[in-house]
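Participant: Mind having a look at this structure? Questions to follow.
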Amino acid sequence: MQGMAEALSTLAAKGLFRNLRTLSSGPDPWVEYEGRRLLHLVSNNYLGLATESRVVEAAAEAARRYGAGAGASRLMTGHTDLHAALEADLAAWKGTEAALVFPTGFAANLGVLTALAGPRDAIFADALNHASLIDGARLCRATVRYYRHGDLDHLEHLIRKTRCRGRRLIVTDGVFSMDGDLAPLPGLVEIAERHEALLVVDDAHGTGVLGPDGAGTAAHFGLSGRIPVQIGTLSKALGAQGGFVAGSRELIDYLINRARPFIYSTGIAPPVAAAARTALALVRQEPERRARLRENARWLRQRLQAMGLRLVPAADTPILAVLIGEAEAALAFSQRLLEAGVLVPAVRPPAVPPGTSRLRVSVMATHTAEDLAMAAEALARAAATLARVTTTPVRAGTDLGGGAPPVRIPTPEVDA
C-alpha cells in the first residue's frame, strides 16, 4: 500500500525495524530459537510459573472440563465459576471488595480510563507510563497533563493550574516497565487525597513480585486500602494471560456496565483462568520464589554496575535497564549477545524515548547462579567490543537526546 514501503525503509535505516522471533519452547531460563539453545534474559515470567507443572496441569484439567475457549463475552455466556473464583481470589489478595478480569492488561487499562474519564475530566499522568495508559488517556477525550517522571512537585503544579469541571485522575505505573523503578506511591496518595483525585495504579510488573504475599507495589508501601483503582496482570509473574482491576464493589459493577474492552470481548479461556488461580495460590504459598528472584536480580545488578555498564538506578525489581543510547548501537550489542548464546533483544523507540535505546534484562527466579554468571560474562565481552557503550550514570527516565524520531513517537510531551 502507498507509503508503507517508504515508512518501513525509514524504520530500517534508523535501526527501528522490527520482526517476530519464533521460539520453539516455553518461557524458561533456556529457550530454543532457530535450532539453538539460548539463555533467556527477556521474559516477564519472573517467578517461573508459566511452565510450572502444577500450573500447567490446572490448565489442562480445565481444558478437559470446560474446553479451550470461553465461547462468548462474559456478559453473555462466557462467565464460568472459574472466572468467578479467580476474581474472588484476586480481590482477597489485593485487599479489595471485588475484582474484574479483562482479556489483556492493555484492555484493562483502556477499559478503566475510558469508563472513568470523559471530556469534562482531567488526567494527570506520569510521562513514562505504559503505552496502554497513554492510549487510554487519549481515547477518553479528557484533558491530559503529563508530569515529569516521578516528580511530585510538578504533578502538584499541574493540578493547581489545570481547570477541571469534572473528575481528576492521577494515573501511574506501579513499576515502570522499561526502567524498573517504582512510582512514589506514598506521595501520590497524599496528593490524590488532598485534591480529591482518583488514583489509578497499573501494577503489571509489581503484581506477584513486590509486597507481602506478592500483592504488589501498593502492598509494598502499605497503601493498599488508600489506592481506589489497582490494575494488574495475569500475564507476567502469574505466568498466564489477561489483566484485572481490583477495587470497590461499586467500581467493579460500574466497569462491568461501562468498560467497552470488557463488554465487547470474549472472556479469557477457562484453562487460562484455572492456570492463573493456581499460580496465585503458589505465589502466596511459596515466598521463596520471590526471595530467589530478589537475590538473582541484586546479584546481576551489582555485577553489571561493577563492570561499568550504564544502568538506570532502579528499585528492588527484576528489571535491569542497560542503557546504550542510539538504536543502532543497541542492536549491535544485542547481536553480540546472541552470538554468545544469550537472548536479550534491543528495546528501541517507540517503546522508549529517542536516544535511550537499551537492553532490558529481565531476571527470573528460576535462573541459576551459573546462568547469571554466563550472562554477566557475555555482557562484559559485548561491552568491551562496542565503543559506544559508556559508563556515564543516568537517572531513571533521563532523555539522552538523539534527535527527532523518523516516525511519530507515542511518548507524550511533558507539560510545562
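Participant: With (1) in a loop (DSSP other than H, G, I, E, B); (2) open to solvent by 90 Å² or more (accessible area, probe 1.4 Å) as the list, and Arg284 as the residue in question, which single condition is left unmet?
Facilitator: (1)
Participant: Check segment 230-252 and report whether any residue there is within 22 Å of the chain's Cα centre (by Cα), in a loop (DSSP other than H, G, I, E, B) and farther than 30 Å from Ala68 by Cβ.
Facilitator: Taking every residue of segment 230-252 in turn, none turns out to be within 22 Å of the chain's Cα centre (by Cα), in a loop (DSSP other than H, G, I, E, B) and farther than 30 Å from Ala68 by Cβ.
Participant: Still on this structure: Considering only residues that are touching a residue at least 60 places away in the same chain (Cβ under 8 Å) and part of a loop (DSSP other than H, G, I, E, B), look in segment 119-165 and name the one that is surrounded by the most Cβ atoms within 10 Å (Cβ to Cβ).
Facilitator: Leu128
Participant: Give me the pairs, please: first residue somewhere in segment 337-365 and closer than 28 Å to Leu238 by Cβ and of a type in the set (D, E, K, R), second residue anywhere and assigned to a strand (DSSP E or B) and open to solvent by 20 Å² or more (accessible area, probe 1.4 Å), beta-carbon distance under 9 Å, and either six or more positions apart or on two chains.
Facilitator: Arg358/Val347; Arg360/Val347
Participant: Assuming Pro212 fulfils every condition listed in (1) under 30 Å from Ala60 (Cα atoms); (2) open to solvent by less than 10 Å² (accessible area, probe 1.4 Å); (3) not charged (D, E, K, R) apart from one, which condition is it?
Facilitator: All conditions are met except number (2).
Participant: Step by step: first the residues of segment 340-376, then only those that are assigned to a helix (DSSP H, G or I) and not hydrophobic (A, V, I, L, M, F, W, C), then the one that is surrounded by the most Cβ atoms within 10 Å (Cβ to Cβ). Which residue is that?
Facilitator: Per the criteria, the residue is Asp371.
Participant: Now for a separate question. If Leu337 passes every condition in (1) out of contact with any Asp or Glu (no Cβ under 7 Å at 6 or more places or on another chain); (2) crowded, with 22+ Cβ neighbours inside 10 Å; (3) under 28 Å from Ala183 (Cβ atoms) but one, which one does it miss?
Facilitator: Checking Leu337 against (1) out of contact with any Asp or Glu (no Cβ under 7 Å at 6 or more places or on another chain); (2) crowded, with 22+ Cβ neighbours inside 10 Å; (3) under 28 Å from Ala183 (Cβ atoms), the one that fails is (3).
Participant: Sticking with this structure for a sec: Just the residues that are charged (D, E, K, R) and in contact with a His (Cβ under 9 Å, 6 or more places away or on another chain), please, taken from segment 24-71.
Facilitator: Answer for segment 24-71, where residues must be charged (D, E, K, R) and in contact with a His (Cβ under 9 Å, 6 or more places away or on another chain): just Asp28.
Participant: Among the residues of segment 5-28, which ones are more than 22 Å from the chain's Cα centre (by Cα), open to solvent by 60 Å² or more (accessible area, probe 1.4 Å) and touching a residue at least 40 places away in the same chain (Cβ under 8 Å)?
Facilitator: Within segment 5-28, Ala13, Lys14 qualify.
Participant: I'm checking my understanding of the structure. Among residues of segment 321-334 that are of a type outside the set (A, V, I, L, M), in a helix (DSSP H, G or I) and open to solvent by 10 Å² or more (accessible area, probe 1.4 Å), which one is nearest to Pro29 (Cα to Cα)?
Facilitator: Looking at the filtered set, the residue picked out is Ser334.
Participant: Of all residues being touching a Lys or Arg at 6+ places or on another chain (Cβ under 8 Å) and either surrounded by 13 or more Cβ atoms within 10 Å (Cβ to Cβ) or under 30 Å from Pro287 (Cβ atoms) (or both) in segment 379-392, which is modelled with the lowest pLDDT? Just the residue, please.
Facilitator: Thr390
Participant: Would you be able to tell me the number of residues in segment 215-228 that are β-branched (Val, Ile, Thr) and open to solvent by 10 Å² or more (accessible area, probe 1.4 Å)?
Facilitator: 0
Participant: So, one more: Does at least one position in segment 81-102 carry a residue that is surrounded by 15 or more Cβ atoms within 10 Å (Cβ to Cβ), free of Cβ contacts under 8 Å to residues at least 40 places away in the same chain and part of a loop (DSSP other than H, G, I, E, B)?
Facilitator: Looking for residues that are surrounded by 15 or more Cβ atoms within 10 Å (Cβ to Cβ), free of Cβ contacts under 8 Å to residues at least 40 places away in the same chain and part of a loop (DSSP other than H, G, I, E, B), one finds none in segment 81-102, hence no.
Participant: Now for a separate question. Residues to consider are Pro412, Pro406; find the one that is under 29 Å from Ala237 (Cα atoms), open to solvent by 10 Å² or more (accessible area, probe 1.4 Å), modelled with pLDDT under 90 and in a loop (DSSP other than H, G, I, E, B).
Facilitator: It is Pro412.
Participant: Follow-up question, since we're still on this one. Which is over 20 Å from His130 (Cβ atoms) and either open to solvent by 10 Å² or more (accessible area, probe 1.4 Å) or aliphatic (A, V, I, L, M) (or both), of Ile231, Ile256?
Facilitator: Answer to the selection: Ile256.
Participant: Could you tell me which residue of segment 234-253 is surrounded by the most Cβ atoms within 10 Å (Cβ to Cβ), considering only residues that are more than 20 Å from Ala276 (Cα to Cα) and of a type outside the set (Gly, Ala, Ser)?
Facilitator: Leu251
Participant: From (1) surrounded by fewer than 17 Cβ atoms within 10 Å (Cβ to Cβ); (2) closer than 28 Å to Pro287 by Cα, pick out the condition that doesn't hold for Ala50.
Facilitator: (1)
Participant: Next up: Among the residues of segment 269-281, write down those that are open to solvent by less than 30 Å² (accessible area, probe 1.4 Å) and over 19 Å from the mean Cα position of the chain (by Cα).
Facilitator: Within segment 269-281, Ala269, Pro270, Pro271, Ala273, Ala274, Ala275 meet the criteria.
The values are calculated or read from the model by the stated rules, or taken from the named source; none is laboratory data. Because the structure is predicted, anything quoted here is derived from the model rather than measured. Virtual Cβ from ideal backbone geometry, glycine too; neighbours counted across all protein chains shown. For the accessible areas, the whole protein counts, side chains as well, though only heavy atoms, and no ligand, DNA or RNA atoms are used. Shrake-Rupley method; radii C 1.70, N 1.55, O 1.52, S 1.80 Å.
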